């Protein structure tokens, strides 16, 4: 739902401006450095959805860090959440465990929150 707020985003802007090549941007060792995050204080870069999401009773919402969505694709996340829809704490636990079991070298932290909307 939101853009990644990392240095790579700034590098892509430099590529578009012709200042550096795409290869230079991809190979920059600092490309994953965060430039905006909760806890930074005085956050200037934030994504705001202009149209609210319509939620229906029973909808499941997943809030997660890149440590989850970079390891598990959307379908894997949906499968886990739907299979645990009656046990929301288990869904979050299974998401983190599955991502941790499949993590790659230099894997970032993994955080997941699952919320079930009730009217």
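Any read-out appearing in this document is the output of simple, stated calculations on the displayed coordinates, not a laboratory observation. Since we're looking at a predicted model, the values are computed, not measured. We place every Cβ from the backbone using ideal geometry, glycine too, and count neighbours over all the protein chains shown.
Observations on the model:
- Neighbour-count order for 82, 70, fewest beta carbons within 10 angstrom listed first: 82, 70
- In the chain, the DSSP-assigned H stretches of four residues or longer account for a calculated mean residue ellipticity at 222 nm of -10500 deg cm²/dmol, using -39500 (n - 2.57) per stretch and the full residue count as denominator.
- The value given for region 60-116 is a Kirkwood hydrodynamic radius of 11.0 Å, derived from the mean inverse Cα-Cα separation.
- Structure-derived mean projected area of the Cα convex hull in nm²: which label, when the choices are [x] 7.5; [y] 8.1; [z] 9.7: [z]
- Rounded tilt (10° steps) of 88-101 against the dominant C-alpha axis of the chain: 40 degrees
- Here 34, 68 are placed in order of increasing Cβ neighbour count within 10 Å, fewest first, which gives 34, 68.
- Helix 74-83 axis, angle to the chain major axis (alpha carbon atoms, nearest 10°): 20 degrees
- Between 0 and 90 degrees, the angle of helix 7-16 with respect to the longest Cα principal axis of the chain falls at about 50 degrees.
- Computed on the chain, with alpha-carbon pairs under 8 angstrom and 6+ residues apart, the relative contact order is 27 percent.
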